[in-house]
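Data block below; observations after.
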Amino acid sequence: MDGYMVHGILEDIAKTSSRTEKIAILGRHMSDPVFKRVLVAAYDPFVTYGLTPPKCVGAGPQSLTMDSKFWTVLEQLASRTITGNAARDLVQEWLLDVLDEPSSKVATMILNKDLRCGITAKSINKVAPGMIPEFTVMLAHKFEDKRIKTWPVAVEPKLDGLRTVIVVNDADVQFFSRTGKPFAALDHLAPVILATLNKARAVLDAPDCPLDEKRREAFSRMLGKHGLSVVLDGEGVAGTFNETTGALRRKSEAASDTVLNLFEVLPRRTFMANDVVPLPYTLRRAFAEWVLMHAPENGPLRLVSRYLANSPAEIQSFYQSFRDRGLEGAIVKPMSEHYHKKRHYGWMKIKAQETLDLRVIGAFEGTGKYEGQLGGLIVDHSGVAVRVGGGFSDEERVRLWERFQADDERGLTADPLTEAFATEAFAKGCTALGHLIEVEYHEKTPDGSLRHPRFVDFRDDKDDLWKEAA
DNA sequence: TGTGTTTCGTAGGGTTCTTGT
DNA sequence: ACAAGAACCCTACGAAACACA
């Protein structure tokens, strides 16, 4: 197979909107080494190339085959042997002068880490299990009380930091983000983790172990039959959210003030090899409590607290008490649910929803499938221009982009961040600019912007200027 | 050497379409 | 008919790496 054929197959996959059909096409070509290499190069999340390729179409002589030197170029980019302008120039040369047109297109898509045909690692792994490495953890859905079948449910505080997953295999301790990227800034916590686990192990093995035999057996298996073999899951917190992201990503120094707020201690082999760790929350919680009993007091390892709620009202009151303590929200966990390595209703989050009515001062075009449509609206939030890019339906993106462009041609001259802007927009009959929209968001950021802003609706009804005109 | 830009990563917010129950 | 899965848009912000004056 060569670049021409790969490109043809990707076009076939792009053409059909049916997922089963996409997977069937993938399956027909999965045995080809070039095709496989393209898929892995594009979708392995642990390989990145450190640049955005220039938009250019090749007219060179070479096709992308197994022997192509382009694979070497990719390796050099991935290992950052070649970076910066040198990387940019080399890539441009390959895309323009070396590779032929279809191969150049495929190469560009690889560098963009997106083959533009409606597939990702999930679909590929369905056809060829394990081909694309995936690192997944359990995530929470939004809270819905109809999901609760039995009471009580566990309610835990939700902390605002970075998800941290710690893999312990004997004396080897590694720290990962929720997507499997290493957190080297936490390596200094390995000794305290090992000490805690070893202490727990010693108590289990002692003749005067306080646990009954059945429980001792179960905990012993969960801790690892031979040596230590567990995965700890929790939230790393080092100050505010921004301080935490900074500290944990920093390579130059250890994140020494980090507290690991742990909520799971899972058997490592089961975690690594399966999509589900088939142990009920109650057992996992009991095990985590018992393991972390052996952590040093007031040290960096903490077990997140847990409360039991017997009604939706009790859940809300726990949530409110967490908010009053300055915490981000609550996680609700039905007691019999297993640990699923995906977004699952076994965990449900409750978070604050704030809303504001803000004036539209601009707009921007979308990218990808939203090219030529609205990417988002820009609003004035007490002098700070905030980009609101979520919450629109596809239809609204088309309509609003047209409205904005018509407004744009009216040639507004006032400073967008002043009161005069709305007056001028009104005088010139704008249909988007100068109007109020309701924006939902998570919180105000230290810079006076909004975290996770999304569009709700136009609110001319709340705006004297436009209300009178209507 | 300092300043600005790009890339990548963290966190999160959504809509749309297909498939499975 | 409804839920779940998958794909793919969008945000703010920090660190690192690089470009350029």
Long pairs among A:K36/A:K122; A:K22/A:K369; A:K113/A:K349; A:K122/A:K349; A:K15/A:K122, criterion Cα-Cα beyond 22 Å: A:K113/A:K349; A:K122/A:K349
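Over the range A:3-127, what relative contact order in percent results from Cα pairs under 8 Å that are six or more residues apart? It would help to have the intermediate numbers written out before the result.
Working: 155 pairs, mean separation 50.1, N = 125.
Reported as a whole number, the value is 40 percent.
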Computed E for A:L465/A:A385 - FRET, C-beta separation, R0 22 angstrom, nearest 0.05: 0.65
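Test of understanding: what is the full-extension gain from A:A24 to A:Q320, defined as 0.36 nm times their sequence separation minus their Cα-Cα distance? Numbers along the way, then the final one.
On the way: separation 296, 0.36 × 296 = 106.56 nm, distance 4.95 nm.
Residue separation times 0.36 nm, minus the Cα-Cα distance, leaves 101.6 nm.
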Would you mind checking which residues have amide H under 5 Å from A:K158's amide H? H placed 1.01 Å from N; only 5 or more apart, or other chain. A:E328, A:G329, A:A330, A:I331
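Order of A:343-355, A:369-381, A:200-212 by packing, highest average Cβ count within 10 Å first? Intermediate results must be reported in sequence, preceding the final value.
Numbers: A:343-355: 16.3, A:369-381: 18.5, A:200-212: 12.5.
Ranked by mean Cβ neighbours within 10 Å, highest first: A:369-381, A:343-355, A:200-212.
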Could you grab the relative contact order for chain A? Cα pairs under 8 Å, six or more apart, rounded to a whole percent. 13 percent
Pick out, in residue order, every one of the trypsin sites (Lys or Arg not before Pro) in the range A:240-274 that is DSSP loop and has at most 15 other C-beta atoms within 10 Å; say none if there are none. A:R250, A:K251
Taking the Cα centre of the range A:354-469 as the origin and placing charges on Cβ (Lys, Arg +1; Asp, Glu -1), which of A:T367, A:L412, A:V398 is farthest toward the positive end of the dipole? A:T367
Mind computing the radius of gyration and Dmax over the alpha-carbon atoms of the range A:130-285? Å is fine for both. 17.0, 49
Quick one: if you stick a label point 7 Å off each Cα along the C-beta vector at A:D357 and A:V276, how many nm between them? 4.8 nm
Using only the Cα atoms of chain A, build the gyration tensor, take square roots of its eigenvalues as a ≥ b ≥ c, and label the shape rounded, prolate or oblate: rounded if a/c is under 1.5, else prolate if a/b is larger than b/c, else oblate. oblate
Rounded Å value of the spacing that divides the Cα centres of the range A:260-285 and the range A:54-99: 43 Å
With label points set 7 Å from each Cα along the Cα-to-Cβ direction at A:E289 and A:S393, the distance between them in nm comes to 4.8 nm
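Classify the range A:3-127: rounded, prolate or oblate, from the alpha-carbon gyration tensor (a ≥ b ≥ c, eigenvalue square roots; a/c under 1.5 rounded; otherwise prolate if a/b is larger than b/c)? Don't skip to the end; give the middle numbers.
Numbers: a/c = 1.98, a/b = 1.57, b/c = 1.26.
Note, shape of the range A:3-127 comes out prolate.
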May I ask you to give the percent of accessible area on chain A that is carbon plus sulfur, with a probe radius of 1.4 Å? 51 percent
At a Förster radius of 56 Å, what calculated FRET efficiency corresponds to the Cβ-Cβ distance of A:D415 and A:D172, to the nearest 0.05? 0.45
Mind jotting down the distance between the C-alpha centroids of the range A:140-168 and the range A:360-405, whole Å? 33 Å
A:V388's amide H: which non-local residues (gap 5+, or another chain) put their own amide H closer than 5 Å, with H modeled 1.01 Å from N in plane and none for Pro or chain starts? A:L377, A:I378, A:V379
Starting from the range A:165-265, pick out the GluC sites (Glu not before Pro) whose DSSP state is loop and whose Cβ has at most 15 other Cβ atoms within 10 Å. A:E253
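Let me have the relative contact order for the range A:354-469, percent, based on Cα pairs under 8 Å that are six or more residues apart. Before the final figure, lay out the partial values.
Working: 220 pairs, mean separation 33.0, N = 116.
Taking the mean separation of contacting Cα pairs over the length of the range A:354-469, I get 28 percent.
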Computed over chain A, protein heavy atoms only, probe 1.4 angstrom, the accessible area per residue in square angstrom equals 50 Å²
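The values are calculated or read from the model by the stated rules, or taken from the named source; none is laboratory data. Only a predicted model underlies this, so the values are computations on that prediction, with no experimental measurement involved. Because the Cβ atoms are built from the backbone with ideal geometry, glycine has one as well, and the counts that use them run over all protein chains shown. Side chains included, ligands, DNA and RNA excluded: accessible areas come from the protein's heavy atoms. Shrake-Rupley method; radii C 1.70, N 1.55, O 1.52, S 1.80 Å.
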